[in-house]
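**Q** Supplied in structure tokens, the structure appears directly below.
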Amino acid sequence: MNRIIILLACVGVLGLSSCNGFLDVKPDSSLALVKTVDDYLAIVQNETRMNANYPFSYDYASDFFYLSEQNIDALDETGRYAYLWIAEPCHANNWNQNYVRIYDTNVVLQGIDHAELGNRTESDRKMAKGLAAFSKGFTLMQLAALYAPPYERGNNMGKLGIPIRPSANIEEKSVRPSLDDCYKEMERLLIMASNLLPEYTKAKTISNQEAAWAALARFYLVTQNYEKAFAYADSCLQFNGELIDYNLLDPMASGTQFPILNKEVVFHATKGDFSGISSSSRAVVDNLLYNKYAVDDLRKSLFYRKNVDGVVGFYGSYDGNVSSAVFSGIARDEIYLIAAECAARLGKLDTAVDRINALREKRIAKGSFTVYNSKDPDNVLRFVLEERERELSFRAGIRWMDLRRLNLEERFKKKIIRSYKGKVYTLEPNDVRYTFKIPDEIVSIGKLEQNQ
Amino acid sequence: MRLVLIVFLFNIISIAEGSHLEFRSHMPEKAQKMLFPPSTTEGFSQHQDNLKPIYGLRIPKDTALLIFRRLGYMSDTLSTRQIIEKNGEVKLKVLSQKMEDIIISTGYQKIPKYQTTGAVDLVANKDYERQIGTGVLERMDGLAAGLTFDRRKGYMKDLQIRGYSTMTSTIAKPLIIMDNFPFDGDIEAINPNDIENVSLLKDAAAAAIWGARAGNGVLVITTKKGKMDRPMAVQWNSNVSIIDKPDLFYSPRVSSSQFIDNEIFLFEKGVFNANLSNNTKRPIVTPVVELLDAVKKGNLNEADAIAQIDRYRSYDLRNDYDRYLYRKGINQQHYIALQMGGQKWNNRLAIGWDRDVSVLKANDQNKLSIRTNQQWQPSKKIEIQMGLQYSHALAHNNNPGELTSIYPYARLAGANGSPLAVDNLYRYSYIDTVGQGLLMDWRYYPLNEIQQRDNRTLRRNIIMDIGATYNLWKGLSFDLKYQFSRQVGEHKKYQSEDLFYTRDLINRFSVIKNGTLTYNLPKGGILDYDNDESISHQFRTQLNFNRVLSDKHEVQSLLGTEWRKIDNNAHIGRSYGYNDDLKLSSQVDYVTLFPNFDNLYSSMSVPFMDQYTSSADRMVSFFFNGGYSYKKRYTFSASARRDASNLFGVNTNNRWKPLWSVGGKWIVNQEDFFHVPWMDQLVLRTSYGHSGNVNNAVPAVVTIDYNSFLSPLARLPYANLRNAPNPDLRWEDVAQWNIGVDATFLKNRISLTLDYYNKTSTDLIANEDADRTTGFASFTRNSGTLITKGIDLTLRTLIVDRTWKWKADLLGSFNSNRMAVLNRTRTSLTAGEFFVPPAIDYPMNSMFSYRFAGLNANTGAPQGFVNGELSEDYTALTSTSKVKLEDLIYHGSVVPRYYANLRNSWHYKGVEMLVNISGKFGYVYRRNTILYAQMLSTGLAAAHADYEKRWQNPGDELHTNIPSLQYPALASRDNFYRLSDATIEPADHIRIQDISLAYSPVMKSKYIKAVRIQLFVNNLNWIVWKKSKNELDPLFADNTPIARSYTLGCNFQF
């Protein structure tokens, strides 16, 4: 009897060694390895990480608005630096949150080719990859407008771009490539996206081919490659040229006339906003800009409203948000304007006039709309650029990119001025402050070269 | 030669000198352990008369002396003649607090303290029961050296043994063992009255048997059990405590009047313009600002406004809180236990009922706990133990507590006590008119909320143990143990239509069109519920070998395996349009994006809550522990253990963690050469070994975390990438070396235990600096090494021993650590981490400051140094990239490095008084101060009272350090000052925290065996001495101190 029990005891004590299956249980049910195409899609379908928190500080520094002295006082310091062009690093979130997105897209770009298909198809795999390429390319383009010097076609020697993080390997050191290499990478990514993305997707948060073309149109405009910019803008408009007719909107209605994901939106994204500067009750539209709207311009009453304190705020954001202008995606009106501008620059005056009239027809009160026409290329270009200001000023980064780009041309140079507490602050054309300083902690830990 | 009899109390029946000794033991047969040297057991005989067995043994001829020794009793040496003179009746005196009588439970074995080589403290039942408190762990405060509570979070749940050994706060707690198994449940479910004693396993030799989870030390809680051969006994305990309201005025802040002056100033500066003109979100505008605005617009006469404002100046919300949110708390604890034991079985049953009526009105808890233990010995070979514990606790939490975002002159109730509305979320002038009378009332009445909320949590726990021991052969036994536990929590929060949250949500989802109202969210209440369940199975097999091989050799060893499986499941859900009477809920459209009423928010769908989560914990262990004693003088021990758990994605190599320890002990006083008349006992010990910490929450591979909801816009499933890859993830390792001495002097009137230890914790999971460009703020990796040194001292003395007695126990500890490896440069002074900024070569909980260089004599602006020059460039002074570690001032630790606790007790004829004096030294805290950026904004919080002491005129800098007011405020100017050395206070202090007075009359009654009546005063917060001149209590800094409580308790034994 005793021996049997001793034997049993020994078996009991020592016989529990085959237990690896027992230990393979996930410690947390929500933990999952990134394995299938579904998993990769889930990463790029994350709206918080893919469609929100785009850069914002460039809008603090642009000329389409001003702040009352009290509201400048009320800003936090980094907001004040950006607004008054003080050469100090501004909000690190511009950098941090956007490089989180770049990591996410890198994980997808790196792993998607080997992902298990599961119950998905190859076209889903292509879409996941296309979405990642699009987001990475678009993010880099927006970030470069802050932290890389303005791109000047054929004259970028010695200029540094921003880190492009070629892989998801976190051990890899960040380096600043040349400005040209940086822009080449954006181009490569956006072209790759345009080849991979489907024509239609479920919602405008999920970019489609049209969105990639639109981003390419913006990209080539920024890099002053007007032929390609025109070609991509034209492809977009041929695919879908639908605009909202502002005549059908009611300026007296409370709330927004421009719901989220409205039909003019090509790709939906929003920017971060940390000092609350984009709030409709704070940012006052620049007087010069406000005066550029004719009386019968419907945008004047649909975009702007008088705040209780008598000053005019912007209420026309395309993201369905009335209280602050945070739309940072691409809408179709921009494509019309890119097509028109490039056509004008390329000497296709008829096309330019045609595009600008198509847009204006939906913006000017019925009955008062008159067809614009001119045979003078400079006149047409100036008209288009003015229309661009009227239409796109409060769209994240667009005005800033335009200022950087247009200052390169003698005829469009603009000095911008602000005043605060009796002191006048100016930003001269092509000032080094058109390139923001990289946040301190990035420079010190990542050992990156700081901007001037 | 000497003969050792280890017998409790016995009658010598007959004795013939040099030949034969017969005796009868008065010990119950089962509890009796008799150890005879083998040479004497020859001829050992045993027979029984009608009473108890009679033992007899042959004594060798040359034996003149007999040593009588028994655990828990003073030994006695008598010659056979002396025994005869005493008519054969030998009684041993009871020993108090001597090493030999202490039995330590490690959770795997129970061994007498003299056989352990480790640093172990035992908190005896009588000490434990003299503490008051509903919490099991709280009662440990001040009872063992090296056991400390980190009170930085304002409560006493974070306890450490010998300081911190890890940098992850979630695992920075000792392993708690209940009887035999690790206890992971809610410790509050255990009734402290059920606890017999607590052993603290502090060093490697003691704790290493618990292996990979023992890195922070081990607390072994032993519950009360029945005993064999005992008549029925009943114990009844009742305590009633009254708890004071907290002192709401403790934290200094400016008066309502000053707050209003500041509002008037800001109004003139136009700070409120944006809010006043905001016609989208309609933020709160305080009554004073409304009045000022009305005057400005000409809608109100200035004199009326001033009169009204002056009324507001006299209100202080804290008075209303005190009156309407708080009350005196009353806690009751009642406990009855019944036990009895026969020859072959014993049984114990205990029932406890606690009722806590919180100081917060409408919050209370009722708890019932039942515990029963059985032991059954069907034969000499088999012993079976069973235990069952059930607890049932229902808590109501209906008090919203102090309101956030509320101005200091708000009132909760009118003159007659009727509830008043306070501003919440939206401007009142807006909500009063916007609904055209159709919406639900949009105002917020905090007092109504208290009365009408229904927020309850029911927790039920059941723990079932079963174990069997089979004695195989001469000291070899086999144990099987199994424990099942299930903990269930049900939380229900019903918010009827009368509550603000519900009305607000319904209003926001309402649409008024052409004077008619449609509800996109059904009217009726909102019911939130969450249920969680945790089921654990633990199973152990163990082979023990405990034997005295001759009078020289003793062996205690065990070998075993353990499995552990814990599964947790939780579900959160919500119902709308819920009617609590009919138990009906309504169908809701969760898909459509509805516009918010008047576009107060962007369009949204009805918040959907239905979420399931689960987690699992698996562990497999093999362990060995062996101890060998030679002549009771030299003891050696060794342990080895291998653990594996379900760390996620880890290489198998890293999954298993082997751990070991060795220890040695020399009982010097057993040596023949030891003749120190004033010293009774001298023991030297040393040990070295490894234990570990496991953090299952950190995965090794890149994982994604699927969100339970669809994405808000595209309505697609989505996931977050949640961690950086970390292929080298492994267990944390704590190596500890300990040397200790135990000594008693002057016939045990003084006893001393002194331990020195040195811990090296390697592979600590810590945040490493990351280049943000990688997408990560930091990497969580095994990257830290922490070296800790410390001393634990226990000195127990009986100072006066006459008709009155004075006992004083001094516990002291010193603990100091240093980060030896850390791949992190300091990122920020306010890293927001629990383990405030650790820097290499500094302690883990270090306090650093910017160097304050006084105030500018002309402007009152705070100054610092940039490159050695005075500077007011606050960006440079606070920039994380510009300020280097060497620019900062190091102040020391934020947790005490020295603890001392002196427990005095005086006894006189059944009256006992206990006073606990405790001291904490060698640390600092940072006090709050004025933040102008916060004060000069539209925020609603009242500014810190330092405002009153600010620099106002040149010359003020001579007697104040508090910067001048500057408008507009610079947040970095505030921050520089707040984080400078000007706000550091030394926290060293000595306090008397608890006092108790007890009376135990001598009982002559046949039925009542003992009575004890006790009065406690806890949390006296009486500071005897403090180093800082500041008024704050260093134990609580800026947190409101725990309020005093008074307890009356009685204890009867029948």
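The values are calculated or read from the model by the stated rules, or taken from the named source; none is laboratory data. Since the structure is predicted, the reported quantities are computational estimates derived from the model, not experimental observations. Quick reminder, even Gly has a Cβ in these numbers, built from the backbone with ideal geometry, and neighbours come from all protein chains shown. Surface areas here come from the heavy atoms of the whole protein model, side chains and all, with no ligands, DNA or RNA. Shrake-Rupley method; radii C 1.70, N 1.55, O 1.52, S 1.80 Å.
**Q** Which members of region A:403-452 meet the condition of being in contact with an Asp or Glu (Cβ under 6 Å, 6 or more places away or on another chain), away from chain B (no Cβ under 14 Å) and open to solvent by 30 Å² or more (accessible area, probe 1.4 Å)? Give the steps one after another, and end with the answer.
**A** The first filter runs over region A:403-452 and keeps only residues in contact with an Asp or Glu (Cβ under 6 Å, 6 or more places away or on another chain), leaving A:408, A:415-416, A:445-446.
If we keep only those that are away from chain B (no Cβ under 14 Å) as well, we get A:408, A:415-416.
Hits for region A:403-452 are A:Leu408, A:Lys415.
**Q** Which of the residues that make up region B:707-742 are outside any loop (DSSP other than H, G, I, E, B), without any contact (Cβ under 8 Å) to a residue 60 or more places away in the chain and either facing another protein chain (nearest Cβ under 7 Å) or of a type in the set (D, E, K, R) (or both)? Full working, then the answer.
**A** Our first condition is that a residue be outside any loop (DSSP other than H, G, I, E, B); within region B:707-742, this holds for B:719-721, B:732-742.
Retained after the next criterion (residues that are without any contact (Cβ under 8 Å) to a residue 60 or more places away in the chain): B:719-721, B:739, B:741.
Matches in region B:707-742: B:Ala719, B:Asn720, B:Leu721.
**Q** Return yes or no: is A:Asp124 acidic (Asp, Glu), closer than 24 Å to A:Thr48 by Cα and either open to solvent by 20 Å² or more (accessible area, probe 1.4 Å) or part of a loop (DSSP other than H, G, I, E, B) (or both)?
**A** Values: acidic (Asp, Glu): yes; closer than 24 Å to A:Thr48 by Cα: yes; either open to solvent by 20 Å² or more (accessible area, probe 1.4 Å) or part of a loop (DSSP other than H, G, I, E, B) (or both): yes.
Here the answer is yes, as A:Asp124 does meet what is asked.
**Q** Could I ask something else about it? Assuming A:Tyr54 fulfils every condition listed in (1) at pLDDT 95 or above; (2) within 10 Å of chain B (Cβ to nearest Cβ) apart from one, which condition is it?
**A** (2)
**Q** Could I ask something else about it? Here are some conditions: (1) farther than 30 Å from B:Asn856 by Cα; (2) at pLDDT below 90. B:Ala1037 meets all but one. Which one does it not meet?
**A** (1)
**Q** Hey, among B:Arg411, B:Arg371, B:Arg453, which residue is open to solvent by less than 30 Å² (accessible area, probe 1.4 Å), of a type in the set (D, E, K, R) and on the phi < 0 side of the Ramachandran plot? Walk me through how you get there before you give the answer.
**A** Details: B:Arg411 fails: open to solvent by less than 30 Å² (accessible area, probe 1.4 Å); B:Arg453 fails: open to solvent by less than 30 Å² (accessible area, probe 1.4 Å).
Testing whether each residue is open to solvent by less than 30 Å² (accessible area, probe 1.4 Å), of a type in the set (D, E, K, R) and on the phi < 0 side of the Ramachandran plot leaves just B:Arg371.
**Q** Just wondering, is there one or more residues in region B:603-612 that are within 10 Å of another protein chain (Cβ to nearest Cβ) and part of a loop (DSSP other than H, G, I, E, B)?
**A** Checked against the condition, which is being within 10 Å of another protein chain (Cβ to nearest Cβ) and part of a loop (DSSP other than H, G, I, E, B), region B:603-612 yields at least one hit.
**Q** Have a look at B:Gly211, B:Gly217 and point out the one that is in contact (Cβ under 8 Å) with a residue 12 or more places away in the chain, in contact with a helix residue (DSSP H, G or I) (Cβ under 7 Å, 6 or more places away or on another chain), on the phi > 0 side of the Ramachandran plot and surrounded by 19 or more Cβ atoms within 10 Å (Cβ to Cβ). Can you show your working first?
**A** Numbers: B:Gly211 fails: in contact with a helix residue (DSSP H, G or I) (Cβ under 7 Å, 6 or more places away or on another chain).
Result of the check over B:Gly211, B:Gly217: B:Gly217.
**Q** Another question, if that's okay. With the requirement that a residue be under 24 Å from B:Val289 (Cα atoms) and acidic (Asp, Glu), what does region B:947-962 give you? Steps first, please.
**A** Of the residues in region B:947-962, the ones under 24 Å from B:Val289 (Cα atoms) are B:947-948.
B:Glu948 - this is the single residue of region B:947-962 that is under 24 Å from B:Val289 (Cα atoms) and acidic (Asp, Glu).
**Q** Follow-up. When you check A:Tyr290 against the structure, is it aromatic (Phe, Trp, Tyr), more than 9 Å from every other protein chain (Cβ to nearest Cβ) and either buried (at least 19 other Cβ atoms within 10 Å of the Cβ) or within 25 Å of A:Glu69 (Cβ to Cβ) (or both), yes or no?
**A** Yes; evaluated as a whole, the condition is true for this residue.
**Q** From the residues in region B:492-510 that are touching a helix residue (DSSP H, G or I) at 6+ places or on another chain (Cβ under 7 Å) and surrounded by fewer than 19 Cβ atoms within 10 Å (Cβ to Cβ), which one is nearest to the other protein chains (Cβ to nearest Cβ)?
**A** Only one residue tops the list, namely B:Glu497.
**Q** Another question, if that's okay. It is to be established whether one or more residues within region B:995-1018 are in contact (Cβ under 8 Å) with a residue 60 or more places away in the chain, crowded, with 16+ Cβ neighbours inside 10 Å and farther than 30 Å from B:Trp236 by Cα.
**A** Looking through region B:995-1018, none of the residues is in contact (Cβ under 8 Å) with a residue 60 or more places away in the chain, crowded, with 16+ Cβ neighbours inside 10 Å and farther than 30 Å from B:Trp236 by Cα.
**Q** Test of understanding: among B:Gly185, B:Gly226, B:Gly163, which residue is of a type outside the set (Asp, Glu), part of a loop (DSSP other than H, G, I, E, B) and open to solvent by less than 10 Å² (accessible area, probe 1.4 Å)?
**A** B:Gly226
**Q** Also: Answer yes if at least one residue in region B:574-594 is open to solvent by less than 20 Å² (accessible area, probe 1.4 Å), farther than 30 Å from B:Phe636 by Cα and within 13 Å of chain A (Cβ to nearest Cβ), and no otherwise.
**A** no
**Q** Is one or more of the residues making up region B:668-678 within 20 Å of B:Ala204 (Cβ to Cβ) and of a type outside the set (Lys, Arg)? Don't jump to the end; show me each part of the working.
**A** Taking region B:668-678 first, the residues within 20 Å of B:Ala204 (Cβ to Cβ) are none.
No, because not a single residue in region B:668-678 is within 20 Å of B:Ala204 (Cβ to Cβ) and of a type outside the set (Lys, Arg).
**Q** Also, quick follow-up: So which of B:Leu266, B:Leu276 ends up being without any contact (Cβ under 8 Å) to a residue 24 or more places away in the chain, within 14 Å of chain A (Cβ to nearest Cβ) and either more than 29 Å from A:Ile72 (Cα to Cα) or of a type in the set (A, V, I, L, M, F, W, C) (or both)? Break it down stepwise before answering.
**A** On the way: B:Leu266 fails: without any contact (Cβ under 8 Å) to a residue 24 or more places away in the chain.
None of the other options fit; the residue is B:Leu276.
**Q** Which residue, of B:Leu914, B:Leu877, is in contact with a Phe, Trp or Tyr (Cβ under 9 Å, 6 or more places away or on another chain), farther than 30 Å from B:Phe267 by Cβ and in a helix (DSSP H, G or I)?
**A** Numbers: B:Leu914 fails: in a helix (DSSP H, G or I).
Among B:Leu914, B:Leu877, only B:Leu877 is in contact with a Phe, Trp or Tyr (Cβ under 9 Å, 6 or more places away or on another chain), farther than 30 Å from B:Phe267 by Cβ and in a helix (DSSP H, G or I).
**Q** While we're looking at this one, here's another question. I need a count of the residues in region B:539-553 that are more than 13 Å from every other protein chain (Cβ to nearest Cβ) and in contact with a Phe, Trp or Tyr (Cβ under 7 Å, 6 or more places away or on another chain).
**A** Just the residues of region B:539-553 that are more than 13 Å from every other protein chain (Cβ to nearest Cβ), to begin with: B:546-553.
Cutting the leftovers down to in contact with a Phe, Trp or Tyr (Cβ under 7 Å, 6 or more places away or on another chain) gives us B:552-553.
Result for region B:539-553: 2.
Let's see how each residue does on (1) in contact with a helix residue (DSSP H, G or I) (Cβ under 7 Å, 6 or more places away or on another chain); (2) open to solvent by 50 Å² or more (accessible area, probe 1.4 Å); (3) aliphatic (A, V, I, L, M):
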{"position": "B:Arg253", "(1), (2), (3)": "yes, yes, no"}
{"position": "B:Ser257", "(1), (2), (3)": "yes, no, no"}
{"position": "B:Asn275", "(1), (2), (3)": "no, no, no"}
{"position": "B:Thr280", "(1), (2), (3)": "yes, no, no"}
{"position": "B:Val285", "(1), (2), (3)": "yes, no, yes"}
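**Q** In addition: For region B:931-973, what are the residues that are within 13 Å of B:Gly854 (Cβ to Cβ), hydrophobic (A, V, I, L, M, F, W, C) and open to solvent by 30 Å² or more (accessible area, probe 1.4 Å)?
**A** Correct list: B:Leu958 only.
**Q** Go through (1) within 22 Å of B:Leu793 (Cβ to Cβ); (2) at pLDDT 90 or above; (3) open to solvent by 20 Å² or more (accessible area, probe 1.4 Å); (4) of a type outside the set (A, V, I, L, M) and name the single condition B:Asn720 misses.
**A** Only one criterion is unmet by B:Asn720, namely (1).
**Q** Does at least one position in region A:77-84 carry a residue that is more than 8 Å from chain B (Cβ to nearest Cβ), over 30 Å from B:Trp563 (Cβ atoms), of a type in the set (Lys, Arg) and open to solvent by 20 Å² or more (accessible area, probe 1.4 Å)? Outline the logic, then answer.
**A** Step one: of region A:77-84, the residues more than 8 Å from chain B (Cβ to nearest Cβ) are A:78-84.
This time we only want the ones that are over 30 Å from B:Trp563 (Cβ atoms), so: A:78-84.
Restricting the remaining residues to those that are of a type in the set (Lys, Arg) gives A:80.
Checking the rest, the ones that are also open to solvent by 20 Å² or more (accessible area, probe 1.4 Å) come to A:80.
Yes, because at least one residue in region A:77-84 is more than 8 Å from chain B (Cβ to nearest Cβ), over 30 Å from B:Trp563 (Cβ atoms), of a type in the set (Lys, Arg) and open to solvent by 20 Å² or more (accessible area, probe 1.4 Å).
**Q** If A:Leu16 satisfies every condition in (1) modelled with pLDDT of 90 or more; (2) part of a loop (DSSP other than H, G, I, E, B); (3) within 9 Å of chain B (Cβ to nearest Cβ) but one, which is the exception?
**A** That leaves (1) as the condition not met.
**Q** Could you list all residues from region B:743-777 that are within 14 Å of chain A (Cβ to nearest Cβ), open to solvent by 40 Å² or more (accessible area, probe 1.4 Å) and in contact (Cβ under 8 Å) with a residue 40 or more places away in the chain?
**A** Here is the first cut: in region B:743-777, the ones within 14 Å of chain A (Cβ to nearest Cβ) are B:767-777.
So of that shortlist, the ones also open to solvent by 40 Å² or more (accessible area, probe 1.4 Å) come out as B:767, B:772, B:777.
Scanning region B:743-777 gives a single hit, B:Asn767.
**Q** How about region B:456-491: which of its residues are among the charged types (D, E, K, R), in a strand (DSSP E or B) and within 14 Å of chain A (Cβ to nearest Cβ)? Talk me through it step by step, then tell me what you get.
**A** At the first step, the residues of region B:456-491 found to be among the charged types (D, E, K, R) are B:456, B:459-460, B:465, B:474, B:479, B:481, B:486, B:490.
From what's left, in a strand (DSSP E or B): B:456, B:459-460, B:465, B:479, B:481, B:486, B:490.
Of everything in region B:456-491, those that are among the charged types (D, E, K, R), in a strand (DSSP E or B) and within 14 Å of chain A (Cβ to nearest Cβ) turn out to be B:Asp479, B:Lys481.
**Q** Can you tell me which of B:Tyr501, B:Tyr519, B:Tyr529 is under 32 Å from the mean Cα position of the chain (by Cα), over 30 Å from B:Tyr482 (Cα atoms) and hydroxyl-bearing (Ser, Thr, Tyr)? So that I can check it myself, show each step before the final result.
**A** Values: B:Tyr501 fails: under 32 Å from the mean Cα position of the chain (by Cα); B:Tyr519 fails: under 32 Å from the mean Cα position of the chain (by Cα).
Unique residue meeting the criteria: B:Tyr529.
**Q** Are there strands (runs of 3 or more DSSP E) fully within region A:237-350 with at least 2 residues that are under 18 Å from the mean Cα position of the chain (by Cα)? List them. Lay out the reasoning, then the answer.
**A** Details: elements: A:265-267, A:304-306, A:312-314.
By residue number, A:265-267.
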